[in-house]
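Take a look at the structure below.
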Amino acid sequence: MSPSAASCTGSRTPATSSGRGPEWLRPAVGGILLGLLLLVVPQMYGVGYPVLENAVNGHYLVGFLVVLLLAKMLATSLTIGIGGSGGVFAPSLFVGAMLGAAFGEAVSAVAPGSAGPVGAYALIGMGAVFAGAARAPITAVVILFELTGEYSIILPLMTAIVLATGLSHAISADTVYTRKLLRRGVDLGRRPEVVAQGGSPQVRDAMQPLPSPVLDTAALVEVARALAAEPHGILPVVGQDGGFLGVITAGGVFEALADGRHDHEAVGLLTQIPTTVRVDDPLGFAGEQLARASVAAVPVLDSQDQVVGWLDERSLLLARTANA
């Protein structure tokens with residue numbers, strides 16, 4: 001049984017198991033209750049796509065749609081409560097289809113001339129519930145288009161998805177996904193410390209001496225020899241005044257020299273503007289910057305924007321282990 005979106009309301013304190021009884025007893029009791037529910041409403045067995053399709057095609061009355069809606073929510077809660085896991089996508093589509101189809105049937109009964117097809121209401125409900133649970137409006141729009149190919153309902157679908165996402169934000173600070181992480185002690189909403197606190201390791205504690213820079217006017221064939229001896233295959237480039245201009249990589253020089261016509265071209269033509277870090281940046285932030293960079297090492301700048309050191313993964317790891 002696939003679980004759907006669990007309730008995301010409540011405090012942002014990780015949940016505990018106090019007051020819920022023994023952990024070993026919960027699967028047994030929940031499984032029995034879930035089995036009894038399946039006996040009463042056998043449509044809850046499995047993912048429920050055939051039932052969902054019947055609802056979209058208008059084969060159910062309003063009362064039965066409400067029963068299916070409540071039963072799916074109960075079955076999902078029981079599944080999650082006993083430790084089961086089957087995703088959020090399919091259950092949220094099921095709940096949304098039942099809710100939308102029930103609304104469409106009700107509108108058709110009250111105002112037959114002004115109501116649209118029941119299937120249109122069901123599709124809009126599917127997108128709205130999924131967007132509210134996962135808080136991913138663009139994903140909801142794209143997925144519904146991919147599943148149905150119905151571009152005629154784009155405006156009401158997008159309106160419902162935006163409203164559902166906004167309501168979800170107003171009700172809870174968490175989504176169904178982040179709530180699971182919060183219960184495990186992982187709070188994605190907490191802002192990371194950008195500035196090092198109280199003796200936390202900084203980039204200056206990990207950076208290595210700066211390798212000999214090359215002038216932007218140097219010939220590529222000369223720089224190639226220096227890069228061949230550099231373990232990271234990257235060197236800083238400076239101007240005539242010693243100011244830092246960027247870096248040059250072994251890969252870039254190799255491609256330029258491959259045709260044999262650029263041996264005496266100036267290094268400045270291949271200089272790249274790299275990702276940089278500063279001496280007072282925390283190691284955590286520097287590690288993120290290094291991971292995003294497309295080179296093996298990044299230059300370290302001081303407060304005057306002068307390059308004073310070099311940071312690579314090895315030096316970062318050594319500093320981490322030394323302060324562990």
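Can you tell me the accessible area per residue over region 20-169, all protein chains present, probe 1.4 angstrom, in square angstrom?
So region 20-169 comes to 50 Å² accessible per residue, rounded to a whole number.
Taking 0.36 nm per intervening residue step and subtracting the Cα-Cα distance, what contour gain separates Val107 from Leu38 on full extension?
Between Val107 and Leu38, full extension yields 21.8 nm more.
Determine the distance separating the Cα centre of region 284-299 from the Cα centre of region 224-253; give it in Å without decimals.
17
Compute the convex hull volume of the Cα atoms of region 102-175, divide it by the residue count, and report the result per residue in Å³ as a whole number.
87
Would you mind calculating the gained length between Leu25 and Ala293 on full extension (0.36 nm times residue separation, minus the Cα-Cα distance), in nm to one decimal?
91.5 nm
What FRET efficiency do you get for Leu317 and Tyr45 if R0 is 35 Å and r is their Cβ-Cβ distance, rounded to the nearest 0.05?
0.10
Would you kindly compute the Cα radius of gyration of region 33-72 and its largest Cα-Cα separation (Dmax), both in Å?
10.1, 30
Can you give me the distance in nm between label points at Leu61 and Ala229, each placed 7 Å from the Cα along the Cα-to-Cβ direction?
Calculated label separation equals 9.0 nm.
Rank-order 285-292, 22-29, 98-105, 127-134 by packing density, defined as the average count of other C-beta atoms within 10 Å over each peptide's residues, highest first.
Per-residue mean Cβ counts within 10 Å order the peptides as 127-134, 98-105, 285-292, 22-29.
If amide H atoms are built 1.01 Å from N in the plane of the peptide, which residues on other chains or at least 5 residues away come under 5 Å of the amide H of Glu265?
Long-range HN contacts for Glu265: Leu220, Val221.
Determine which residues of region 97-121 fall in the zone a paramagnetic label at Glu150 would reach in this model, i.e. backbone nitrogen under 12 Å from the point 7 Å along Cα→Cβ.
Residues 97-98, 100-102, 104-105, 116-121 fall inside that zone.
How much length is gained if the chain between Leu210 and Ile273 is pulled fully straight, taking 0.36 nm per residue apart and subtracting their Cα-Cα distance, in nm to one decimal?
Working it through step by step, the gained length comes to 21.0 nm.
The values are calculated or read from the model by the stated rules, or taken from the named source; none is laboratory data. From a predicted model like this one, the values you see are computed outputs, not experimental measurements. In this analysis, Cβ positions are derived from the backbone assuming ideal geometry, glycine residues included, and neighbour counts consider all displayed protein chains. Heavy atoms of the whole protein, side chains included, go into the accessibility calculation; ligands, DNA and RNA do not. Shrake-Rupley method; radii C 1.70, N 1.55, O 1.52, S 1.80 Å.
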